[in-house]
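Only one structure is covered here, and it is reproduced in the block below.
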Amino acid sequence: PKFCDEIMGKRVHKNRKRGSVMALTAALRTWDPGCFARHLDQLTQAVREGATNKDPAVREEGRKLYWAMHACDDATRDAVETMFDARSREMKNLMKEREGIDAAWEEE
């Protein structure tokens, strides 16, 4: 998808990158998970880039994208669970943000 290209692009402005992460998160939360099955490799690359981006705003939205993909279905959950080592800094940051993200999504 075009959003994945924007997220993974090296010369993409941080606001466009952040917007693409937000749009992809919304799509993962609302659309049928089956429509993402053929793009799973590209999605996991986009999630990794979003969650580890140097810009803090993109990273924050990337963590939401990670958890949206984790909640989608078994195939996407398996893909993101193997993305980071359980003891890595990225995974610790993801786990730290999980409760806040879950609470915000329940309010919506």
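The values are calculated or read from the model by the stated rules, or taken from the named source; none is laboratory data. Since this is a predicted model, take the numbers as computed values, not measurements. Here the Cβ is made from the backbone with ideal geometry for all residues, glycine too, and neighbour counts use every protein chain on show. All accessible areas refer to the heavy atoms of the entire protein, side chains included, with ligands and DNA or RNA removed. Shrake-Rupley method; radii C 1.70, N 1.55, O 1.52, S 1.80 Å.
Data table
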| quantity | calculated |
| --- | --- |
| Highest-MSF residue in the chain out of 62, 50, 34 [GNM, Cα springs under 10 Å] | 34 |
| Top of 81, 60, 49 by mean-square fluctuation, Gaussian network on the chain, Cα under 10 Å | 81 |
| Accessible area of the stretch 41-108 belonging to carbon and sulfur atoms, whole % at 1.4 Å probe | 42 percent |
| Å² per residue, accessible surface of the stretch 38-108 at 1.4 Å | 60 Å² |
| MRE, 222 nm, helices only [DSSP H, n ≥ 4, -39500 (n - 2.57), over the chain, to nearest 500] | -23500 deg cm²/dmol |
| For the chain, size of Cβ-based charge dipole, Lys and Arg +1, Asp and Glu -1, in debye | 700 debye |
| Sequence-separation-based contact order of the chain, relative, with Cα cut under 8 Å and 6+ spacing, percent | 24 percent |
| Square roots of five times the Cα gyration tensor eigenvalues for the chain, Å | 18, 17, 14 |
| Formal net charge of residues neighbouring residue 1 (Cβ-Cβ distance under 13 Å; K, R +1; D, E -1) | -1 |
| Within-11-Å neighbourhood charge of residue 72 [Cβ basis; K, R +1; D, E -1] | -2 |
